[in-house]
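What follows draws every value from the coordinates through simple rules; no lab data is involved. None of the values given here were measured: they were computed from a predicted structure. Positions of Cβ are backbone-derived with ideal geometry, glycine not excepted, and every protein chain shown enters the neighbour counts.
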Amino acid sequence: MKEKAFALFFLALGLFTMPLELFPWAPKGPWGLPTLYLYFFLVWGLVILLAYLLYRKP
Amino acid sequence: MSAVWVLLILFLYLASLFLVALWGEGRGRTLAQSAHAYAFSLAVYATAWTFFGSVGRAATEGMSFLSIYLGPTLVLLLWPFLHEKLLSLARAHRLTSWADFLYLRFGHDLLGPLAAGFLVVGLLPYLALQLKAIAQAFLFLRGEEEPLTDIALPTALLLALFAILFGTRRLDPSERHQGLVLAVAFESFVKLLALLLVGGVVLWQLGNPFPQVQNRPELLPLLLPPEGLAGYLEWASLVVLSGLAFLFLPRQFHVSVVENTDPQHLRLAAWAFPLYLLLINLPVLPLALFGRLLLPEGNPDLYVLALPLELGNAPLALLAFLGGVSAATAMVVVEGLALSILISNHLLSPLLLRFRALGSLLLWRRISILAVMLLAYLYFRLAGEAYALVAMGLISFVAVAQLAPAGLLGLFWKGATPQGALAGLLGGIVIWAYTLFLPALARSGWLSPFFLEGPHPLLRPEGLLGIRGLDPVTHGFLTSLTLNLALTLGVSLFTRRKPLQEERTGEVEELAALLRRVLGPEAEKAFRRQAHTLPDREAAGLAETLLAGSVGPATAKLLLLSVTREVPPEALREEVEEAARESWELRAYAQALEEARKELAEAYERLKALDQAKDELLAAVSHELKTPLTAVRSLAEILEANPDLPEEERGRFVSLLAKETARLSRLVEEILAYTRFQAGVPLARSPTDLRALAEEALALVEPLARERGITMDSHLAGVQALTDRDRVLQVLLNLLHNALRHARSRVRLELTLTNREALFRVFDDGPGVPPQARARVFEPFQSFSGGTGLGLFLARRLVESLGGRIWLEEGEGASFAFTLPLGVEHEDSGGGR
């Protein structure tokens, strides 16, 4: 489990702190929401889901 | 809104906190100790800064507010490395803070007090910030802006009372406080609910703010990432900084480590707490944008209250106020308690010991809670107008992060030395004060502007070495932590590691008496219960742990000096242990050698027996072959030497000759069968009809039976088996030949099915096997009637090779029986058993 936890940490670190300026972010994206806002909440949700799947069972 | 109503609701809410805490210490204890309460209690991280300040930051700086919540998410993912280790250390040594850990790990007298004092100084502004948030929100609801009235003072006093009642009932701060935990979890729930409701109602009434922002170009940067390298550094630094703060904040250590009742609760917290943070941040940006759209002149830190009022929804504004109060009060209570433990364990108890007043430590801990609250209030009154909410919180975060290099390297690197930890911490504190704290005081007018400019352009506090363009907090964080880390690593590499602690030993009676004097009779009883089976050295360690949990590690060590003595020097003990280890290894090696020798001797004996058996077999075979060969040669010589023998005599000799050659031939066949068997010819299993096979065997021996006048009969059941047909036939023939040789008048063959096995029986009505010969009947060359002596021996080996067993039954005549498995499972293809 420790290896997976470590891998998940680095995945999350990469997703949260990647150089954002490298990508074109539009103030208006799907459903009128800003793409940056969508991106962060989606990857945050993904990390939480993966943490749930990793840690739910002893 | 009427001040009386707001006040009444505020104090009713605070009273409900007392009730929840009381319930948590009584019937609600199970809930308070649950994983869900634990996960919610971690949300003490989300303070008034989250509730009010995040909306303010989002309204002015855009998405960067999120970074404060992504850091804790990252840190919690690493709980199997960080928290699990901390929990096991905390349980073993009754740690109550990171300062305890630093003292325990490095054993330097200065580290604990330095960390404790620095954290108090660094976190007082953060506490003041919470009081300011309550006061500001209260005034806003009343419709007043200035001056900040003293609603913060009674609130601070009530919270101090709460912390004293539910956090300092006993001297031992490492014990769990279920009431406190449940109250904090309750407050976390309230603030989440309040912010989600405010966000939901505002969105419901005003719609989606994002399309409206498209027409306001000045607001669009709020929806885009920070620009340039400086912007990226600020974002990434805040993620790391918030992660470190989450790990090193005293209140977080208290709820996540000290109040933890089961390490497995972290499994839930690792995803539930980040989910909590995600949910509480969902409405932040929409609220910030509506604030900018509808209240361009308003204070962004108060949009959460102002927007419901703008919509004319006073109850919602009141709920938002309660949410902010719950965020602030939970933090104030737990942080106040954690700081008071730091003060009492690392600053007060050594002083009290010197003045022989350690008995009053609990009183002093309570006084220090009150003092912390009052100091925070004083700070708020003096400086409350000078700072924005978020800026002060981040300065405190950077202060807390200074513990990270010593703490993390102490946990994971054996090479970290006390000198390195001290140098790093001191360097970090100096840079933090120079780049963040003093400039902040200068900005509020308490210090001269010199502290903003520095003595030289290269030493400008907010731009060391000429750095330009970085946000002051990012700059202060990066410079202080870099120097801190460099000093911790560098000095550790160039200094020697000392033994962690000089171990001591003492009599259990004296140790128990000391515990009774300092901690009371209950602690003495607990100590005696655990210590009576321990050696003196471990008993002294246990007493030190118990004392350290209550009076701090430094004072515990001083207290023990009077009733303990040093154990033999480390070097000597190491030598003794090394010698003992070597002796043990030597004994283990000798034992292994002896076992190997025994195995070799046994193998040699087995080989010798096999060799002897082979010699005996050869001798027996030679003997068995010699007898018929001699007879054949003699008969042939007689016939050759006497050509004129009478016909009758010649016929008798020829008959004898034929009989002996037949015997010789049979013997050779059986020996060949035996050698084939020994050569390990593999089994040829196939589905076999055993009844047909038995009938075939009967048909083959029928001529011999007729010749001897013996009646053959049979009772054969229909049985199918997966077996080697030829080997079974060989067994049957051997047994039938054997029976025909001994029978007087009758031989019977039976085949039945029992317990998933085929059972064959061969009876004869002969004299039977003599009792003295029964044990050797299956041995080679044990013939009692002129046979080769190999038939039964071969039959046994063949049956065993087919996974069956063979035996001689008791009773009249002779009865041999053997079984065969229906599917051969334990076959031995050649070697027998």
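How well do other chains shield peptide A:34-41, expressed as the mean number of their Cβ atoms within 10 Å of each residue Cβ? The partial results should precede the final answer.
Numbers: counts 11, 2, 8, 9, 0, 2, 9, 5.
Taking the mean over all residues of the peptide, I get 6.
With the cut-off at 1.5 for a/c, could you classify chain B from its C-alpha gyration tensor as rounded, prolate or oblate?
Details: a/c = 3.63, a/b = 2.72, b/c = 1.33.
It comes out prolate by the Cα gyration axes.
With a 10 Å Cβ neighbour count serving as the proxy for reagent exposure, in which order, fewest first, do B:His108, B:His36 appear? Write out the running numbers ahead of the final one.
Numbers: B:His108 19, B:His36 14.
The order, fewest Cβ neighbours first, is B:His36, B:His108.
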remark   = Counting only residues 5 or more apart in sequence or on a different chain, those whose built amide H sits under 5 Å from that of B:Ala758 are B:Leu820, B:Leu822
Average beta carbon contacts from partner chains per residue of B:220-226, 10 Å cutoff = 5
request  = Filter the trypsin sites (Lys or Arg not before Pro) in region B:334-382 down to the DSSP loop ones having no more than 16 other Cβ atoms within 10 Å, then list what survives.
outcome  = B:Arg356
query = In region B:213-313, which GluC sites (Glu not before Pro) fall in coil by DSSP and have 12 or fewer other Cβ atoms within 10 Å?
reply = B:Glu227, B:Glu297
inquiry  = Please list, ordered by chain and number, the residues whose modelled amide H lies under 5 Å from the amide H of B:Thr688; skip anything fewer than 5 residues away on the same chain.
reply    = B:Ala721, B:Leu722, B:Thr723
query = Where does each of B:Phe51, B:Phe793 land when they are ranked from fewest to most other beta-carbon atoms within 10 angstrom?
reply = B:Phe793, B:Phe51
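Are there chymotrypsin sites (Phe, Trp or Tyr not before Pro) in region B:685-782 that DSSP puts in a loop and that have at most 14 other Cβ atoms within 10 Å, and which ones?
Working: sites: B:Phe760, B:Phe763, B:Phe778, B:Phe781; in loops: B:Phe778, B:Phe781.
Here no chymotrypsin sites (Phe, Trp or Tyr not before Pro) fit, given the DSSP loop and packing criteria.
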Nearest-ten-degree value, helix A:2-17 long axis tilted from longest Cα axis of chain A = 10 degrees
remark   = To the nearest 10 degrees, the tilt of helix A:35-55 (Cα long axis) against the first principal axis of the alpha carbons of chain A is 10 degrees
ask   = Could you put B:Val181, B:Val202 in order, starting from the residue whose Cβ has the fewest other Cβ atoms within 10 Å?
value = B:Val202, B:Val181
task = Rounded to the nearest 500, what is the 222 nm mean residue ellipticity of the protein assembly as shown from helices alone, with -39500 (n - 2.57) per DSSP H run of 4+ residues and division by all residues?
result = -21500 deg cm²/dmol
key: C-alpha center-to-center spacing [region B:200-246, region B:1-56] in angstrom   = 28 Å
task = Quick one: compute the contact order of chain B, relative version, from alpha carbon pairs under 8 angstrom and 6+ residues apart, as a percent.
result = 13 percent
query = What is the mean number of Cβ atoms from other protein chains located within 10 Å of the Cβ atom of each residue in peptide B:68-74, rounded to a whole number?
reply = 4
ask   = Looking at the protein assembly as shown, what % of its DSSP beta bridges pair antiparallel, to the nearest 5?
value = 80 percent
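Could you work out the relative contact order of region B:682-821? I mean the mean sequence separation of Cα pairs under 8 Å and 6+ apart, divided by the number of residues, in percent. Provide the component values of the computation, followed by the final result.
Working: 261 pairs, mean separation 31.8, N = 140.
Relative contact order comes out at 23 percent.
Output the pairs from A:Lys4/B:Lys85; A:Lys28/B:Lys132; A:Lys57/B:Lys85; A:Lys2/B:Lys191; A:Lys28/B:Lys191; B:Lys85/B:Lys557 with a Cα-Cα distance over 27 Å in this structure; if there are none, say none.
Numbers: A:Lys4/B:Lys85 17 Å; A:Lys28/B:Lys132 37 Å; A:Lys57/B:Lys85 20 Å; A:Lys2/B:Lys191 33 Å; A:Lys28/B:Lys191 30 Å; B:Lys85/B:Lys557 24 Å.
Beyond 27 Å: A:Lys28/B:Lys132; A:Lys2/B:Lys191; A:Lys28/B:Lys191.
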